[in-house]
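Shown next, in structure tokens, is the structure this report addresses.
The values are calculated or read from the model by the stated rules, or taken from the named source; none is laboratory data. What you are looking at is a predicted structure, and each value in this text was computed from that prediction instead of being measured. No Cβ is skipped: glycine too gets one built from the backbone with ideal geometry, and neighbour counts run over all protein chains shown. Areas reflect the complete protein model, heavy atoms only, side chains present, ligands, DNA and RNA absent. Shrake-Rupley method; radii C 1.70, N 1.55, O 1.52, S 1.80 Å.
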Amino acid sequence: MSRKNQTLGEFIIENQTSFKYSSGELSRLINSIRLAAKVVNHEVNKAGLVDIIGAAGDTNIQGEDQQKLDVYANDKFIQTLTNRNIVCGIASEEEDDFISINSQDENNQNKYVVLIDPLDGSSNIDVNVSVGTIFSVYRRVTPVGTPVTLDDFLQKGSQQVAAGYVIYGTSTMLVYTTGDGVNGFTLNPAIGTFYLSHPDMQFPKDGKIYSVNEGNYIHFPQGIKDYIKYCQKEEGDRPYTSRYIGSLVSDFHRNMIKGGIYLYPKSSMNSNGKLRLLYECNPMAFLAEQANAKASDGFTRIMDIEPTELHQRVPFVCGSKNMVEKCESFMREAQ
Ligand code: AHM
Ligand code: MG
């Protein structure tokens with residue numbers, strides 16, 4: 001049950017029993033993400049002021065070193081999840097290797113690992129364009145009470161128990177799923193509380209927006225080129241509108257509300273595209289499927305891909321069901 005204007009805290013408590021293996025642990029984890037999101041939001045919103053406040057160089061007025069915001073976000077999420085002793089391992093797009101939490105402590109009975117992209121699209125920060133945090137949660141596969149291993153992180157997307165994003169946009173939202181639909185919460189910055197503003201979010205089955213970095217067109221596979229030409233053709237409800245923010249969370253969020261498709265294909269420069277399977281594609285794919293949409297690499301369902309390394313990249317096609325299926329049909333035809 002969800003009620004509009006319910007707070008995220010109330011929503012988490014009310015829905016706790018609907019989790020598959022409910023013990024309150026996942027609820028506490030989502031609560032920690034909520035806290036870190038608020039801290040990062042506060043910093044992101046000051047981004048334009050940082051140069052003014054810290055004009056003297058690399059230090060701010062408190063004499064603290066200024067960090068790039070993606071490093072700051074990374075530290076905050078890791079700190080919050082570690083301090084609250086809520087997970088047994090974390091992997092981050094910003095870290096070379098995964099982090100094992102309290103690995104020496106046999107009393108650490110935590111079951112979950114978290115994978116995060118702490119500040120996705122961070123090159124947009126300098127120009128005041130929306131950025132986001134993406135997160136993904138799995139149950140560990142190795143025994144509780146032992147140090148986590150790579151196997152705990154290299155799980156297929158279909159094994160996710162929760163996933164979501166925070167969008168630091170014109171307003172700040174936390175959008176997540178625990179496998180029972182997608183709900184969006186908007187932050188009231190005056191009192192620091194997230195309220196349920198977008199219950200049961202669904203992608204429209206069809207859409208009229210395509211989002212792709214067309215500057216790379218010449219390097220795209222033939223199937224993607226053909227699909228882009230199809231989007232541009234004057235016929236029926238086409239041509240479609242082109243909208244590309246260059247910030248996955250923002251492009252995804254808009255497409256979910258309005259109907260659309262996001263593409264980051266492979267190219268002759270990047271043989272596997274740019275986006276990371278574990279930190280970006282799997283969580284967005286889980287959200288997409290929970291919101292009646294689709295995500296694939298052009299041929300295969302994203303959440304069925306067996307990961308082989310932490311920072312693995314995959315081509316990504318995600319959005320309104322009929323649009324993704326159309327794109328896949330062009331991919332197959334061009335093969
Ligand atoms: P990042 O994790 O380094 O920020 O890269 C991911 C971002 C996505 O948010 C965005 O959709 C894409 O990179 C944009 O890439 P490009 O500038 O090549 O179009
Ligand atoms: Mg990223």
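Points worth noting:
- Placing dummy labels 7 Å off each Cα toward the beta-carbon, the span from Thr146 to His219 is 4.2 nm.
- Within straight-line cross-link reach of Lys205, aspartates and glutamates at Cα separation under 13 Å, skipping those fewer than 8 residues along the same chain: Glu289, Glu325
- Segments 154-166, 216-228 sorted - mean Cβ within 10 Å per residue, highest first: 154-166, 216-228
- Of every Cα-Cα pair in the range 131-239, the percent that sits beyond 23 Å: 57
- Packing-based ranking of 317-326, 268-277 yields 317-326, 268-277, ordered from highest to lowest mean Cβ neighbour count within 10 Å.
- Nearest-ten-degree value, helix 69-83 long axis tilted from longest Cα axis of the chain: 50
- Most to least packed among 302-315, 199-212 [average Cβ atoms within 10 Å]: 199-212, 302-315
- For the chain, the Kirkwood hydrodynamic radius comes to 20.5 Å, computed from all pairs of different C-alpha atoms.
- Degrees between helix 321-334 axis and first principal axis of the chain (Cα, 0 to 90, nearest 10): 60
- Tilt relative to the chain, helix 25-44 - C-alpha long axis, 0 to 90 degrees, to 10: 80
- Relative contact order (percent, whole number), the range 269-335, Cα cutoff 8 Å, 6+ residue spacing: 38
- Heavy-atom accessible area per residue - the range 156-198, 1.4 Å, Å²: 33
- Taking the protein heavy atoms of the chain in the context of the full set of protein chains, the accessible area attributed to carbon and sulfur is 45 percent at 1.4 Å.
- The base-10 log of I(q)/I(0) for the range 203-335, evaluated at q = 0.21 Å⁻¹, reads -1.31 [Debye formula, identical scatterers on Cα atoms, solvent excluded].
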